[in-house]
Structure formats: structure tokens, C-alpha cells
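The values are calculated or read from the model by the stated rules, or taken from the named source; none is laboratory data. What you see is a predicted model; the values in this text were computed from it and never measured. Because the Cβ atoms are built from the backbone with ideal geometry, glycine has one as well, and the counts that use them run over all protein chains shown. Areas reflect the complete protein model, heavy atoms only, side chains present, ligands, DNA and RNA absent. Shrake-Rupley method; radii C 1.70, N 1.55, O 1.52, S 1.80 Å.
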Amino acid sequence: MADGYFVIPYTIGSYLSNDIRTKAIPTDHEAFVQAEKNVQNQLDQLLSIKGNKTVDHFHRKLGKIMWDKCGMARSEEGLKQAIAEIRQLKAEFWSDVKVPGGIHEMNQELDKAGRVADFIELGELMCQDALDRNESCGGHFREESQTEEGEAKRDDVNYAYVAA
């Protein structure tokens, strides 16, 4: 949530406690090999861009877009703008990010760049999901979905489902 409070760590511990002793997973399966290759390609790509803007620059820009347009209160217009801005930011990231250092050393900037690339994808997905959910629900308020008194207006007929 926006204030930094996370519910999941407190609710899932008991559920996962029995899986802690899971045996080692073999790494010779084709899916593992392909995933490892994909990660290596992404790392190589991030290091080869040699752009002019830091990873933090893109992280801050994404955070501002999300805060302003996909926060607790949101609108259709703002969400559409956010999606367009995030797509533009993604293109700029993959053409102008600067990741100093190398791949065979402790490189926190490379690690951060991978995370920000994921955040950009997640941000776009969150905005798309928020745009699809045309109602006010929980801690999220759609400006188009409110009563005459300004209260949140749910739409359980069309949105009483789980989307993943």
C-alpha cells in the first residue's frame, strides 16, 4: 500500500512454514535453462546501453507517475495518461539508462536496473488493471464511481471476482 504497510508477510507465514524444507530443485530442466538464458540476456543488454540517465532517474519518474495517476484516487483519463507515460518511459529506459560497473563484480546498480525494469512492467500492468476496474473498491477510489455525496460506489455485480 502507499504508506508502506504490507499485509502479506503477516498472513502467509503459517501457510508457507511447511514448505521451508523443500528439497533442492534440479537446474537442468529446460525451463530453468531458458530462464537463466533470459536473465543473462537482460543483464548483457542493460550493461550495453551505456546511456546518459541513471537508474534512479527512471525509478523516480515511474514513482511520480504511479503516485499522481494510479494512487488511492484515480480516474480513467489519468490512468490512460499513466499508461502512455509508462510506455514512453520504458522506451527511454531501454535506450538511455546508464548502468556503471561490470557483470562479474558486486554491482548494485545492475541489480537495481533489473528491478526498475520489472517495476516499469508492473506499473503498466497495475494501471491497466486499475483502468479495467471501473469502480471504487477497498482503498482505491475511481473518480467516475462515486455517489452524489462523494462516497465510493462499488460495482459488485461486474467486479466480484479475483483477477490474477
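Considering region 93-106, the residues that are open to solvent by 40 Å² or more (accessible area, probe 1.4 Å) and small (Gly, Ala, Ser) include one that is modelled with the highest pLDDT, namely SER95. None of GLY150, GLY114 is out of contact with any Ser or Thr (no Cβ under 7 Å at 6 or more places or on another chain) and within 17 Å of THR54 (Cβ to Cβ) except GLY114. Out of curiosity, is LEU131 in a helix (DSSP H, G or I), among the aliphatic types (A, V, I, L, M) and either within 20 Å of ASN38 (Cα to Cα) or touching a Gly at 6+ places or on another chain (Cβ under 9 Å) (or both)? Considered against the rule, which asks whether it is in a helix (DSSP H, G or I), among the aliphatic types (A, V, I, L, M) and either within 20 Å of ASN38 (Cα to Cα) or touching a Gly at 6+ places or on another chain (Cβ under 9 Å) (or both), LEU131 comes out as no. Which of the residues belonging to region 100-126 are closer than 24 Å to LYS80 by Cα and without any contact (Cβ under 8 Å) to a residue 60 or more places away in the chain? Within region 100-126, ARG115, ASP118, GLU121, LEU122, GLU124, LEU125 qualify.
For region 134-151, filtered to residues that are within 18 Å of TRP67 (Cα to Cα) and part of a loop (DSSP other than H, G, I, E, B), the residue that is most open to solvent (accessible area, probe 1.4 Å) is GLU143. When GLU109, GLU124 are screened for being within 17 Å of the chain's Cα centre (by Cα), at pLDDT 85 or above and outside any loop (DSSP other than H, G, I, E, B), only GLU124 passes. The residues of region 11-53 that are open to solvent by 70 Å² or more (accessible area, probe 1.4 Å), touching a residue at least 24 places away in the same chain (Cβ under 8 Å) and not in a helix (DSSP H, G or I), listed by number, are LYS50, ASN52.
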